[in-house]
Structures are given as C-alpha cells and as structure tokens.
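Structure first, then comments.
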Amino acid sequence: MKIGFIGAGKVGTNLGRYFDNKGWALSGFYSKHYEDAIFSARQTNSHAFSELSECVAASDWLFITVPDDQLLIVWQEVESLLTREYCLFHCSGSKSSAIFATEKAQIACFSLHPLTAFATKSVPLEQLTQVAFTLEGDQQQTQVQAAFANLENPLAVISAEDKSLYHAAGIFASSLVVGLATTAQEIFQTCGLPEAFAKSAWRQVFTQNAMNLVLNGPKESLSGPIEENDLTTIIEHLAVLSPEDAKIYCELTKKLIKLAAEKYPERDYQFIEKKIDQ
C-alpha cells in the first residue's frame with residue numbers, strides 16, 4: 001500500500017510525517033505549488049510529483065488535504081484519473097465522504113479527521129501520537145479502521161449526519177476558547193490596566209485551568225462563584241459587564257450551573273438561574 005497526498009499544507013505534511021514515522025509507505029506529494037510538494041516530500045522520504053496524474057498512478061490510498069472550499073474542485077480533477085481500486089480520503093472535520101460522489105464501485109471514500117490544530121508543518125511527532133481521529137465513510141470501513149488502529153491513536157467511527165455537530169464541538173474546544181481569551185484581555189484593558197499587563201495577565205490562569213481540565217475533567221476543575229453558589233458576586237459581575245459580554249457570561253454560566261449541580265446535588269442553584277435568565 002502506497003499513500004499519496006494531494007495538497008502539501010500543514011495537515012498533509014504532518015500526516016505524511018507521522019505515517020512515515022510509523023513505517024507506512026508514502027508515494028509522495030502533489031501540490032499546485034511544486035516547491036511545497038518538494039518540502040513535504042523531503043520531510044517524509046517520499047517523492048514530489050509535478051503532475052497530478054503521476055501522484056494518482058503511484059498511490060493506492062489518496063489523501064486530498066486541501067482547504068474545504070477546494071475539495072470538490074480537486075475531486076473533479078482526480079475522479080477521471082481513478083482507473084483501479086483506491087481508498088480516497090479527505091481530512092475535513094465538517095464535510096462527509098459524500099463530497100466524493102462517484103459511480104465507480106472500485107473507489108472507497110472516507111473522511112479521516114485529526115482532532116487537532118496544526119500550527120506548523122513540523123508538529124513534534126510525539127505530539128501527533130496523542131491526536132484523536134474520527135473516521136467516516138465507505139462500507140469497507142472495517143479494514144480501513146483496522147489499519148488506522150495500528151497507529152494506536154484514539155480512533156472513533158462517526159456517521160456522515162453527525163459530522164457538522166462533531167465539528168462544532170471541536171470549535172467550542174478551540175476557536176471559541178480564543179474568543180474567550182480575547183474577551184478577558186479586552187476587559188482587563190477596560191479596567192485601566194496597562195496593555196502589556198492585560199495581554200499577559202490571563203495566561204497563567206488560563207494555562208493552569210487548561211491543565212486542570214486535561215488532568216481532572218470539567219467537573220473537578222470547576223471553580224469560582226458558580227461552584228461556590230455565590231449569587232452576590234455574579235450580580236456584581238453582571239452590573240459592570242457590557243451587554244454583549246454579559247450575554248456570553250450568562251450563557252456559559254448556564255452550562256456551569258448544570259455542572260455544579262452534578263458536583264454538589266445538595267446545593268440549590270435556583271437563585272443564580274433566575275438571575276441570569278432575567
């Protein structure tokens with residue numbers, strides 16, 4: 001089995017590096033920017049293809065690792081080149097394998113999503129061993145799932161219908177967290193704190209909280225006025241926050257109340273609930 005990549009960006013390059021490190025055979029990379037294919041090929045002991053058809057012909061598994069809005073365009077170029085059995089993959093979190101609509105029975109189509117954010121093309125290999133993957137697709141899923149199980153990464157099968165909801169969950173754990181950190185920084189500056197201080201003030205508490213979450217889980221990491229059932233402090237917060245920030249505060253507080261009620265079933269959180277629903 002030879003694995004080829006169409007697209008030599010951060011996702012394709014890191015997956016290629018990881019597969020190569022695990023002993024999987026790579027045919028190489030094709031990219032519309034040949035210099036990108038050369039870079040990725042050098043990182044993975046594989047070949048840089050100057051022609052799309054060459055990459056397809058040299059591969060048994062094909063990963064189309066291009067931006068989501070380019071998937072259909074690239075697929076339309078690739079389909080006519082598929083003349084034998086192939087396993088075809090994309091790595092979109094939100095799109096299903098149905099984007100590879102084909103009448104060719106010999107083509108098995110999948111989406112394989114690494115649940116992480118690749119910041120560079122050179123993510124440490126030991127970090128990649130911790131990445132969770134979701135697999136969705138063809139009826140040959142069992143054999144493909146078995147192959148990926150050999151990587152020993154967390155792996156789960158997901159339905160096509162659940163892909164968008166799954167991707168939204170990932171956004172809550174990634175991009176939306178960035179939004180919360182930005183909000184904290186802005187509020188610090190609104191307090192009149194120096195800009196340099198505001199830019200760094202949230203980092204230690206954010207990092208410590210993230211470590212607590214990873215080590216102990218959400219329920220055991222709960223802290224602050226919600227856990228303490230401190231209605232007075234919450235009222236004070238809502239009185240000074242902007243309407244936009246107060247809305248975010250209230251919506252997240254609703255989630256934390258449910259968590260706190262599970263952790264402390266003997267406590268009554270109804271007064272806080274009533275306040276944030278006003």
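The values are calculated or read from the model by the stated rules, or taken from the named source; none is laboratory data. Because the structure is predicted, anything quoted here is derived from the model rather than measured. Please note: Cβ atoms are built from the backbone with ideal geometry, for glycine as well, and neighbour counts cover all protein chains shown. Accessible surface areas use protein heavy atoms only, side chains included; no ligands, DNA or RNA. Shrake-Rupley method; radii C 1.70, N 1.55, O 1.52, S 1.80 Å.
Size of the chain along its principal axes in angstrom, Cα-based, largest extent first?
Rounded to whole Å, the extents work out to 69, 41, 31 Å.
If each of ASP277 and ALA156 carries a label point 7 Å out from its Cα toward its Cβ, how far apart are those two points in nm?
With each label point 7 Å from Cα toward Cβ, the separation is 3.0 nm.
Considering only C-alpha atoms, what is the centroid distance from the stretch 2-77 to the stretch 214-278, in Å?
After rounding, the separation between the Cα centres reads 47 Å.
Could you tally up the Lys pairs in the stretch 172-278 with alpha carbons closer than 17 Å? Skip any pair fewer than 8 positions apart unless they're on separate chains.
Counting lysine pairs in the stretch 172-278 gives 15.
Using a Gaussian network model of the chain with C-alpha springs under 10 Å, which one of ASP20, ASP138, ASP69 is most mobile by mean-square fluctuation?
Checking each option, the largest mean-square fluctuation is seen for ASP69.
Zone of ALA147 (label point 7 Å along Cα→Cβ, backbone N under 17 Å): which residues in the stretch 107-127?
107-114
Mind checking which lysines have their C-alpha under 23 Å from LYS22, skipping anything on the same chain fewer than 8 residues away?
Counting by Cα, and skipping residues close in sequence, LYS22 has these lysines nearby: LYS2, LYS10, LYS121.
How far apart, in nm, are two points set 7 Å out from the Cα along the Cα-to-Cβ line at ALA169 and at ASP60?
3.3
Run through the stretch 22-84 and list the trypsin sites (Lys or Arg not before Pro) located in a DSSP loop whose Cβ has at most 14 other Cβ atoms within 10 Å.
LYS22, LYS32, ARG84
Assuming a ≥ b ≥ c are the square roots of the Cα gyration tensor eigenvalues, decide whether the stretch 26-142 counts as rounded (a/c under 1.5), prolate (otherwise, with a/b larger than b/c) or oblate.
oblate
Ignoring ligands, DNA and RNA, please state the percent of accessible area on the stretch 1-103 from carbon and sulfur, probe 1.4 Å.
Accessible surface attributable to carbon and sulfur in the stretch 1-103 totals 47 percent.
Modelling each spin label as a point 7 Å along the Cα-to-Cβ direction, I'd like the HIS237/LYS258 distance in nm, to one decimal.
Taking the two extended label points, one gets 1.8 nm.
Whole number in Å², please: accessible area per residue of the stretch 47-88, 1.4 Å probe, ligands, DNA and RNA not counted.
48
Of all GluC sites (Glu not before Pro) in the stretch 43-130, which ones are in loop regions per DSSP and have a Cβ with at most 14 other Cβ atoms within 10 Å?
GLU51, GLU85, GLU103
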